[in-house]
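Reading through the structure tokens given below for one structure.
The values are calculated or read from the model by the stated rules, or taken from the named source; none is laboratory data. These numbers come from a predicted model, not from an experiment. As a convention, Cβ positions derive from the backbone with ideal geometry for all residues, glycine included, and neighbour counts pool all protein chains shown. For accessibility, only protein heavy atoms count, side chains too; no ligands or nucleic acids. Shrake-Rupley method; radii C 1.70, N 1.55, O 1.52, S 1.80 Å.
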Amino acid sequence: MRATVKWVDGVMFVGESGSGHAVVMDGPPDHGGRNMGIRPMEMILLGVGGCSSFDVVQILQKGKHDIIDCVAEISAERIDAIPSVFSKIHLHFIVKGRDLKPSAVERAVKLSAEKYCSASIMLSKAEVEITHDFEVIEV
């Protein structure tokens with residue numbers, strides 16, 4: 001896996017993944033930015049949410065569950081020091097489906113957290129406290 005990050009100006013950068021997708025990163029004005037892109041630490045949260053959501057959806061689909069939607073709401077806390085690393089990350093999954101059993105969603109979330117999600121498992125090994133919960137909405 002490879003990626004490049006190119007400086008644009010100020011504290012704005014463009015990151016490009018090895019698969020050819022790009023994203024603009026920028027900081028707030030009080031840090032020399034123009035607030036024209038996502039913050040790098042926000043990208044880490046999106047990566048954790050995307051990785052875990054991918055797992056949850058795939059596990060439920062492979063189990064032939066009738067899943068209609070899955071949203072991960074991610075909240076985090078950072079330490080008040082430099083570097084301001086994450087101390088806690090919480091993922092709340094809202095899963096919508098037909099005849100969707102809470103036990104199936106719970107299993108999918110647990111498998112992602114403990115076995116499949118490389119991003120969250122990597123951060124937990126760096127002593128970030130990662131927690132999960134979920135709700136099931138019948139449609």
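Within the set of pairs 6+ apart or on separate chains, which have a first residue in the stretch 1-23 that is open to solvent by 90 Å² or more (accessible area, probe 1.4 Å), a second that is not charged (D, E, K, R), and C-beta atoms under 7 Å apart? These pairs meet every condition: 1/18; 2/18; 5/13; 5/15; 6/13; 6/14; 7/13. For the stretch 24-36, a residue qualifies if it is surrounded by 12 or more Cβ atoms within 10 Å (Cβ to Cβ) and over 22 Å from the mean Cα position of the chain (by Cα), and the qualifying residues are 32, 33, 34.
The number of residues in the stretch 53-92 that are touching a residue at least 24 places away in the same chain (Cβ under 8 Å) and farther than 26 Å from residue 40 by Cα comes to 8. Within the stretch 93-112, the set of residues being polar (S, T, N, Q) and in contact (Cβ under 8 Å) with a residue 24 or more places away in the chain comprises 112 only.
The set of residues in the stretch 114-139 being open to solvent by 30 Å² or more (accessible area, probe 1.4 Å) and small (Gly, Ala, Ser) consists of 118, 124, 126.
With respect to residue 93, is the statement that it is of a type in the set (Phe, Trp, Tyr) and touching a Lys or Arg at 6+ places or on another chain (Cβ under 8 Å) true? No: the conditions fail for residue 93.
Those strands (runs of 3 or more DSSP E) of the stretch 1-117 in which at least 2 residues are within 17 Å of residue 134 (Cα to Cα), considering only elements entirely within it, cover 66-78, 86-98. Scanning the stretch 81-95 for residues that are touching a strand residue (DSSP E or B) at 6+ places or on another chain (Cβ under 6 Å) and either of a type in the set (A, V, I, L, M, F, W, C) or open to solvent by 70 Å² or more (accessible area, probe 1.4 Å) (or both) yields 86, 88, 89, 91, 93, 94, 95.
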